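Asker: Quick one: this structure, given as structure tokens, is what I'll be asking you about.
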Amino acid sequence: MRDILTYQNVITFITSLADGDLNIATGFVWLIIATALSMAGGAIGGMLLAGKDIGYQFSAMLGALFAPAGVIPAILLGLVVLNLLTNY
């Protein structure tokens, strides 16, 4: 595992993530991170809103499934706008 950080491609990728450089690879990674965070937030929100009514596990599952439906288009639009603003 330690050897993976010695490859030049991995070092360049991590540097571009830290610098805020937007390309297709970093945009995809930010999309995956945002989706995972929205799923966690949706699960917590579902448990808070409907946990007592329909059960905590079911409400967490529904919240985790429906939260990325609104987040993924917003993140993609935000990345496109940021890419346009950095180029012009």
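Asker: Which residues, taken from region 19-48, are crowded, with 16+ Cβ neighbours inside 10 Å and acidic (Asp, Glu)?
Answerer: Within region 19-48, none qualify.
Asker: I'm checking my understanding of the structure. Among residues of region 22-38 that are in a helix (DSSP H, G or I) and touching a helix residue (DSSP H, G or I) at 6+ places or on another chain (Cβ under 6 Å), which one is nearest to residue 9 (Cα to Cα)?
Answerer: Ranking the candidates gives 26 first.
Asker: Scanning region 49-70 for residues that are over 16 Å from residue 34 (Cβ atoms) and hydrophobic (A, V, I, L, M, F, W, C), which turns out surrounded by the most Cβ atoms within 10 Å (Cβ to Cβ)?
Answerer: Only one residue tops the list, namely 60.
Asker: Among the candidates 18, 50, single out the residue that is at pLDDT below 85 and aliphatic (A, V, I, L, M).
Answerer: 18
The values are calculated or read from the model by the stated rules, or taken from the named source; none is laboratory data. Quick caveat: nothing in here was measured; it's all calculated off a predicted structure. Positions of Cβ are backbone-derived with ideal geometry, glycine not excepted, and every protein chain shown enters the neighbour counts.
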